[in-house]
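Read through the structure below, which is laid out as structure tokens, and then see the notes.
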Amino acid sequence: MVPDPLRDIIPPEIFHRARVYELHKMELFIWKNIIDLIVSLLELYFGFYPFVWGLAASTLAPLTGRELWISLIFVFYLTIYISLRCLPVLIYDKCILELRYGTQRRFPCYMYLLIGVVCIILAQIILAPLTLLIVFSVQIMGFFFFLYFWLMWAGFTLFLVFFLPYLCVPCIGVQRRLPPGSPLYADVQVVCDQTGFPMNRVFIIRTKSMQYSNAYFYGSCCLKRIVIFDTLLLNKGQPVTQLQPYEIGRGLTNPQVVAVVAHELGHWKSGHFYKATFIMKLHFLLTMVLFGLFFHCPYLYEAVGFAPGVWPIIVGFLIVLRFALTPYLTLANFLMLWNLRRFEYAADRFAHRLGYSLLLRSALMKIYADHMSFPVYDTCYARWHHTHPTILQRLAYQQKLDEEAYFRA
């Protein structure tokens with residue numbers, strides 16, 4: 001059944017189609033994980049990685065015995081194997097799930113074969129230089145290569161902080177400061193003046209083809225900015241004559257946009273950008289330290305079937321990331337998703353304190369009505385997979401804040 005808060009927004013037939021799609025997607029997800037578990041256990045039991053490494057070494061034996069070039073052939077064989085490994089999931093999807101849920105075929109069968117071949121070719125274009133870079137870097141940097149990797153990543157993220165708006169945003173559209181004198185400018189200025197956020201750091205993006213409604217806060221100090229996508233505005237902020245038929249009526253009214261901006265100001269006031277940056281750098285540092293410890297452990301290589309003293313660098317990367325670090329990465333992912341959802345609730349609470357509770361709720365429902373994604377998720381599943389609370393959780397949270405404010409008054 002359609003949940004009560006959304007009953008006036010989503011028609012039952014659309015809800016049913018979205019539910020069928022989610023059932024299809026979730027059953028495929030479960031089947032994929034079961035297949036992955038079984039195949040991974042078989043790989044470890046039968047010594048798959050030493051076998052592929054030996055095959056790559058024997059292929060190049062007449063030419064060279066250098067690890068750098070053997071690693072290239074190893075990765076090439078591995079990508080072919082991974083493509084074949086996807087076949088059980090693809091067959092289950094096309095032969096069972098599509099018949100069960102009545103979903104339409106996107107491509108004929110031969111197209112999937114062609115797509116697989118293209119993916120293998122593209123994978124080599126990307127993975128070949130990456131493999132050479134990894135092996136060469138480890139050989140040059142020595143035992144503490146993982147700390148150098150962390151330093152390079154930290155420097156790269158700082159680079160992104162400064163240059164992301166200038167490198168990535170042009171791919172989405174044209175970014176301009178919110179034009180003074182417009183009705184939206186006057187409305188947004190009210191909430192910015194309340195919080196002390198400078199209006200010259202509020203931007204709007206005129207998107208090229210994006211349909212998703214969004215706004216975000218980004219950066220720090222003189223680089224901070226709130227960016228509003230034109231898809232968030234009612235009719236993209238343009239005359240109806242300039243829109244496609246499906247774009248008419250989409251988007252939020254100016255007061256609703258201000259409520260979304262109040263939410264983004266909550267991220268700024270709470271220092272979420274700094275906190276998230278620190279957490280990510282700490283997480284990656286811990287990951288690299290654990291990676292270094294496992295990577296230099298000879299028993300790990302012997303456990304997957306290698307002879308004593310054989311430590312291929314590229315295989316070490318694979319088995320450490322795929323097996324040894326799985327417990328830590330799983331726990332870290334859960335905690336970081338929990339923290340991101342906590343940030344969202346904190347930003348919603350900030351908007352509520354500014355008096356935008358009703359407008360934020362109506363904005364969330366209008367955004368949902370424009371996109372019609374399936375709203376019902378199991379709480380446990382959402383905790384493990386969602387960066388944001390679901391729309392039902394956010395609406396319930398605003399209702400809870402309203403009730404708490406009422407009883408305090």
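The values are calculated or read from the model by the stated rules, or taken from the named source; none is laboratory data. Computed from a prediction, not measured in an experiment: that's the story for all the values here. Heads up, the Cβs are rebuilt from the backbone with ideal geometry, glycines too, and the neighbour counts pull from every protein chain shown. Quick note on the areas: whole protein, heavy atoms, side chains included, nothing else; ligands and nucleic acids left out. Shrake-Rupley method; radii C 1.70, N 1.55, O 1.52, S 1.80 Å.
Brief remarks on what is shown
- Surface per residue (accessible, 1.4 Å probe) for region 202-295, Å²: 44
- Counting every C-alpha pair in the chain, the share spaced more than 41 angstrom apart comes to 31%.
- At the residue level, Lys25 shows approximately 80 square angstrom of accessible surface with a 1.4 angstrom probe and all protein chains present.
- Principal-axis tilt of helix 391-408 within the chain, Cα atoms, nearest 10 degrees: 50
- Between region 186-222 and region 261-313, the Cα center-to-center distance that results, in Å: 32
- Approximate spin-label separation Cys380-Ser137, in nm, with each point projected 7 Å along Cα-to-Cβ: 3.8
- Sequence of Ser137, Ser83 from largest to smallest accessible area, 1.4 Å probe: Ser83, Ser137
- Model label points for Met1 and Leu130, set 7 angstrom from Cα along the Cα-to-Cβ axis, are 4.8 nm apart.
- Report summary: the helix-based calculation at 222 nm, which adds -39500 (n - 2.57) for every DSSP H run with n ≥ 4 and divides by the residues of the chain, gives -22000 deg cm²/dmol.
- The stretch between Leu285 and Val118, if pulled fully straight at 0.36 nm per residue, gains 56.6 nm over its current Cα-Cα span.
- The stretch between Thr277 and Tyr406 holds 42.8 nm of extra length on full extension. This uses 0.36 nm per residue minus the Cα-Cα distance.
- Dipole magnitude of the chain, debye to nearest 20 (Cβ charges: Lys/Arg +1, Asp/Glu -1, about Cα centre): 660
- Over 20 Å [Cα-Cα, region 225-380], rounded percent: 67
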